[in-house]
1. Checking ILE43 against (1) under 18 Å from GLU91 (Cα atoms); (2) in contact with a helix residue (DSSP H, G or I) (Cβ under 8 Å, 6 or more places away or on another chain), which test does it fail?
2. Looking only at segment 63-87, which residues are buried (at least 17 other Cβ atoms within 10 Å of the Cβ), touching a Ser or Thr at 6+ places or on another chain (Cβ under 7 Å) and among the charged types (D, E, K, R)?
3. Filter segment 81-92 for residues that are acidic (Asp, Glu) and modelled with pLDDT of 95 or more and give the result.
4. Restricting attention to segment 1-12, which residues are over 18 Å from LYS38 (Cβ atoms) and in contact (Cβ under 8 Å) with a residue 24 or more places away in the chain?
5. Regarding LEU54, is this residue farther than 26 Å from ILE32 by Cα, modelled with pLDDT of 85 or more and either surrounded by 13 or more Cβ atoms within 10 Å (Cβ to Cβ) or out of contact with any strand residue (DSSP E or B) (no Cβ under 6 Å at 6 or more places or on another chain) (or both)?
6. In segment 7-39, what residues are closer than 17 Å to LEU67 by Cα and at pLDDT below 90?
7. Any chance segment 135-145 includes a residue that's of a type in the set (S, T, N, Q), under 22 Å from LYS42 (Cα atoms) and either modelled with pLDDT under 50 or assigned to a helix (DSSP H, G or I) (or both)?
8. Please give the number of the condition LEU95 fails out of (1) surrounded by 17 or more Cβ atoms within 10 Å (Cβ to Cβ); (2) modelled with pLDDT under 95.
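The values are calculated or read from the model by the stated rules, or taken from the named source; none is laboratory data. Predicted model, so just to flag it, every value in this text is computed and none were measured. As a convention, Cβ positions derive from the backbone with ideal geometry for all residues, glycine included, and neighbour counts pool all protein chains shown.
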Amino acid sequence: MEFNDPAEMEEQVQLFFDSGDLTVTEKDRDYITGKCIKIVEKIPEIDSLLDEKLEGWKISRLPKVDLTILRLGTYEILYDEDVPTGVAINEAVELGKKFGEDGSGAFINGVLAGVTGKERSARPASAGDAPAEGKDPRSGSVSERKGETYITRRI
């Protein structure tokens, strides 16, 4: 979306799959294409939320790789009930480490941790998402209970 006109997206998706760099099943192709379409539909909402959560940054100044990963992670957190919040964040952080700049993983983790506060109001809680157990403003962290485990994240 950052490099192509929206009218060209169908052709770009076709080129992506036909490039020969990877082999995907028809099921995977449908899943990837469907998710891309859904994310693109939500970009205005996602970008508005990210703009609120970015401290000292503007979306227009973010590296395009980081922005794309943040959009994907935010979409999964807020709108994709098949992806648990922790999985969405972990996958986004790993993508940031692999494809982003130095420090992208930590940056993405911090922004998406802020997005999780919006999650509760955007979609019903699923079995994998426990409510926040406590917020400690002195340490800038949030503790959550996931099954028998407590997870503490910096916010």
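1. (1)
2. ASP66
3. GLU91
4. Hit for segment 1-12 is PHE3, nothing else.
5. So LEU54 fits the description; yes.
6. Residues satisfying the conditions are CYS36, ILE37.
7. Here is the first cut: in segment 135-145, the ones of a type in the set (S, T, N, Q) are 139, 141, 143.
Retained after the next criterion (residues that are under 22 Å from LYS42 (Cα atoms)): none.
Within segment 135-145, not a single residue is of a type in the set (S, T, N, Q), under 22 Å from LYS42 (Cα atoms) and either modelled with pLDDT under 50 or assigned to a helix (DSSP H, G or I) (or both).
8. All conditions pass for LEU95, except number (2).
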